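The values are calculated or read from the model by the stated rules, or taken from the named source; none is laboratory data. Keep in mind that this is a model prediction, so the values were computed, not measured. Positions of Cβ are backbone-derived with ideal geometry, glycine not excepted, and every protein chain shown enters the neighbour counts.
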Amino acid sequence: MSTIIRPTHWIVGVARRADFLGAAALETPVGTTLAEAWRSVMEGCAVDGDTLAARVAAHFRVSVADLARAEPAARKLIPESLVRKHFIFPISADDRSITVATADPTDMQMEQDVAFAAGRTVRCQVAAPVAIHNMIEATYSPEQTIEQMLRGVEDAGNGLRVVDEEELAAENQVSADEAHSGPVVQLVNLVLQRAIERNTSDIHLQPAGTQGVVRYRIDGVLVNSGQMPLPALNRVISRIKVMAKLDIADRLRPQDGRARVIVHGRTYDLRISTIPARGAEKCVIRLLDTQRAVPLSQVGLLEPELVRVKRLLAHRDGIVVVTGPTGSGKTTTLYAALQEIHGPDINIMTVEDPIEFELPGVTQIQVETKQGVTFASALRAILRQDPDVIFVGEIRDAETAAMAAQAALTGHLVLATLHTNDAPGAIRRLADLGLDPATIASTLRGAVAQRLVRRVNGAVSEPIGPDDVLTDDEARLARVFNVRPIVRVASGEGAREAGYRGRMPLAQVFEVTPEIADLIANGATIGAIEAAAVTHGMRSLRASGVDRVATGETTLQELERVLGDGEERAPEAAADARPASAASAPGEAPAARPSVALTPSTDPAITRGTIALAADRVLAALGEDTRHDASPHVLVVDDDGANRMIARALLMSEKFEVTEATDGAEALALLRTGAMFDLVVLDLDMPKVNGREVLHALRADVASAGIPTIILTGTSDAELESSLLDEGADDYIRKPFDPRRFLGRVKATLRRSRG
């Protein structure tokens, strides 16, 4: 009878060669997991992990790992996913090799993977599995990444605190424990605080491949910002869901919630929406300043439209609607209208979702669908509360439209919002919601269509004189809109962003006169109704915008962005879009408009020539192109044109997108515009601003802290190279660089940054 010999795990052979007591009796099979094999030997031979590690190291003729002396710079060379996959821990690295701690020196696949990722030869040292596990858990976590991003950033969200509804009566100062309760909390506070300080209306947090991005919508435009590792973004979104009392374990279904924060003593409501996206989650936060309601006179309507709006509000019954897309300022205008109407003898009640501003003396009802409080049900209840004026946040269904009409027919003035392209379009929309023409004719008093355009920032704008030559784009738009601009913003993405500050409304006010009411009741076309409205003084959104351009308040480019190129003109456009002072004959150039004085801004945030990356740009918004599948975008910064040319040629041979900067100041200016880069290749010695200063600026700003950076250096000073890695560089390459090594290091750094 033959004896079956089962092969044992390699670590049993090490124990037997070391003559450990009890090693001969061990029968740990080859398929046993590494941690279990170590544990079986330690228990079977009564030895500790350090003793066994020393024997394993001696057996394979390598050193025992000193995990306490692991260098932070080495960790940047291997992605966390690889560390966890092979159960290793980086110890140290130099220009040619990287040393890792492992509990399995026989793992050849680990050596190949690490060498490929780090671009270096792998040297192994031995440590016990439990020691490696403890180091991994203590080092690799989203909180650690976030702590690195926050390092060096001033005022990391300390001016913000999250409150419950019942806390609003007692606005205490932020406690130190709350302000420093964890890196994730600090980062979320910082994102929110900086957004509020920049007058952001919405915050977008979304995955973009292996990175996460944060975008701010400022003055209606999503502007570029920074990025963070995807695990950090997931923790940030989880924190926001906790604030909104959402289910953080449910990442497969959309969720909506709300939270409230206090920033510098002012209360803000957050409307939070999450949705699954590419295996992660996207989160959008609407920021609402509950104390920001302004009077109608301060909304910014032009005088012709303001007069017509006041006439609509003078009615004591009927329906007045404000139309426009999301984010066009409809609710702000209606709140201003409520303040215009409000008085001690007027009972105003509102139904809103959400309540955006708090109006003293006005009864405001929040829609709560889960509790059965809908627009329609709330309207039904309000009619029993003896209201004079009713504000409906949105007429969005047939039942709400019918209730609004009933309220108007019974002597109430109903103010509401609708989603239509222009003011006369409210008639068609109400018909689509089930109201018959006779009801619309007898209840609708008028409609206001609205858009918001950005206001030119006088401090960084350039006046255009009557004799100045227009650019090709300006000349084209001047022909389209039939007006000559008198101001422009500087070219370039960053300059265009700084060239605008704040927004103002363009409005079209449609009044239902008796003649127009007859047309509606008799089923006339919208074209006929619109033509009649024009004869009664209605102006188009385009005409309102042309007036803004003529007075230098905005630009033709901004008008085109908001309204389109205007090739299809409204019936009255040819008349009221012309300069009032001198109409142009067909084919003639538009007459010059009188110049206006532009008041210089004293806002320090828009000072030109600033080099340092400001902390208030912490996590603004990435543009619509999130580059999910685009080629890596590399910024090459070097004052040596030959080096830039070589680097560009090598990178473009690998289908990389390349942007060049001739010195550190130019690089920081590019980054300040919000341009997104997957990697920065940075020369160390440059005039004006050297590579080290650029590196410090990158790592001091959360918006750029996650961008991997390779230093180009002509020195062989090992101490300098080590210090650069400690200060935030991800790798360095000595000049003159070898093409193969250069590309290998670039690819390895990108692989590490993407996990």
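Give me the residue from the stretch 105-143 that is of a type in the set (D, E, K, R) and not in a loop (DSSP other than H, G, I, E, B) and, out of that set, surrounded by the most Cβ atoms within 10 Å (Cβ to Cβ).
E111
Given the structure, is E474 of a type in the set (D, E), touching a helix residue (DSSP H, G or I) at 6+ places or on another chain (Cβ under 9 Å) and outside the structural domain of L301 (by TED's automatic domain parsing)?
So E474 passes the test.
Within the stretch 669-694, which residues are modelled with pLDDT of 85 or more, in contact with a His (Cβ under 9 Å, 6 or more places away or on another chain) and either surrounded by fewer than 20 Cβ atoms within 10 Å (Cβ to Cβ) or assigned to a loop (DSSP other than H, G, I, E, B) (or both)?
Those that are modelled with pLDDT of 85 or more, in contact with a His (Cβ under 9 Å, 6 or more places away or on another chain) and either surrounded by fewer than 20 Cβ atoms within 10 Å (Cβ to Cβ) or assigned to a loop (DSSP other than H, G, I, E, B) (or both): F677, D678.
State which residue is nearest to the chain's Cα centre (by Cα) when the search covers only the stretch 444-460 and only residues that are small (G, A, S) and surrounded by 22 or more Cβ atoms within 10 Å (Cβ to Cβ). Let's see the steps before the verdict.
Taking the stretch 444-460 as the starting set, the residues that turn out to be small (G, A, S) are 446-447, 449, 458-459.
Okay, now just the ones that are also surrounded by 22 or more Cβ atoms within 10 Å (Cβ to Cβ), so 446-447, 449.
Values: G446: 37, A447: 33, A449: 28 Å.
For the stretch 444-460, the residue satisfying everything is A449.
Among P360, P344, which is the only one that is surrounded by fewer than 16 Cβ atoms within 10 Å (Cβ to Cβ) and under 24 Å from L287 (Cα atoms)?
On the way: P344 fails: under 24 Å from L287 (Cα atoms).
Exactly one residue qualifies, and that residue is P360.
Working only within the stretch 394-445, note down all residues that are touching a Lys or Arg at 6+ places or on another chain (Cβ under 8 Å) and at pLDDT 95 or above.
L413, the sole residue that qualifies.
Each row is one residue, and each column tells you yes or no for (1) in a helix (DSSP H, G or I); (2) surrounded by fewer than 21 Cβ atoms within 10 Å (Cβ to Cβ); (3) outside the structural domain of P708 (by TED's automatic domain parsing).
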{"residue": "Q193", "(1), (2), (3)": "yes, no, yes"}
{"residue": "Y216", "(1), (2), (3)": "no, no, yes"}
{"residue": "S238", "(1), (2), (3)": "yes, yes, yes"}
{"residue": "K245", "(1), (2), (3)": "no, yes, yes"}
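Kindly check whether there is at least one residue in the stretch 279-294 that is within 23 Å of the chain's Cα centre (by Cα), of a type in the set (A, V, I, L, M, F, W, C) and at pLDDT below 85.
Yes, there is a match, as at least one residue in the stretch 279-294 is within 23 Å of the chain's Cα centre (by Cα), of a type in the set (A, V, I, L, M, F, W, C) and at pLDDT below 85.
On the basis of being among the β-branched types (V, I, T) and not assigned by TED's automatic domain parsing to the domain that holds T323, does I529 make the cut?
No: the conditions fail for I529.
Looking only at residues in the stretch 19-52 that are in contact with a Lys or Arg (Cβ under 9 Å, 6 or more places away or on another chain) and modelled with pLDDT of 90 or more, which one is farthest from V126 (Cα to Cα)?
F20
Report yes if some residue within the stretch 376-385 is assigned by TED's automatic domain parsing to the domain that holds A521 and either assigned to a loop (DSSP other than H, G, I, E, B) or under 20 Å from T513 (Cβ atoms) (or both); otherwise report no.
There is no residue in the stretch 376-385 that is assigned by TED's automatic domain parsing to the domain that holds A521 and either assigned to a loop (DSSP other than H, G, I, E, B) or under 20 Å from T513 (Cβ atoms) (or both).
Within the bounds of the stretch 295-314, is there any residue that is assigned by TED's automatic domain parsing to the domain that holds A426, exposed (fewer than 15 other Cβ atoms within 10 Å of the Cβ) and closer than 16 Å to D388 by Cα?
Within the stretch 295-314, one or more residues are assigned by TED's automatic domain parsing to the domain that holds A426, exposed (fewer than 15 other Cβ atoms within 10 Å of the Cβ) and closer than 16 Å to D388 by Cα.
Go through the stretch 701-718 and report how many residues are β-branched (V, I, T) and part of a strand (DSSP E or B).
Total satisfying the criteria: 4.
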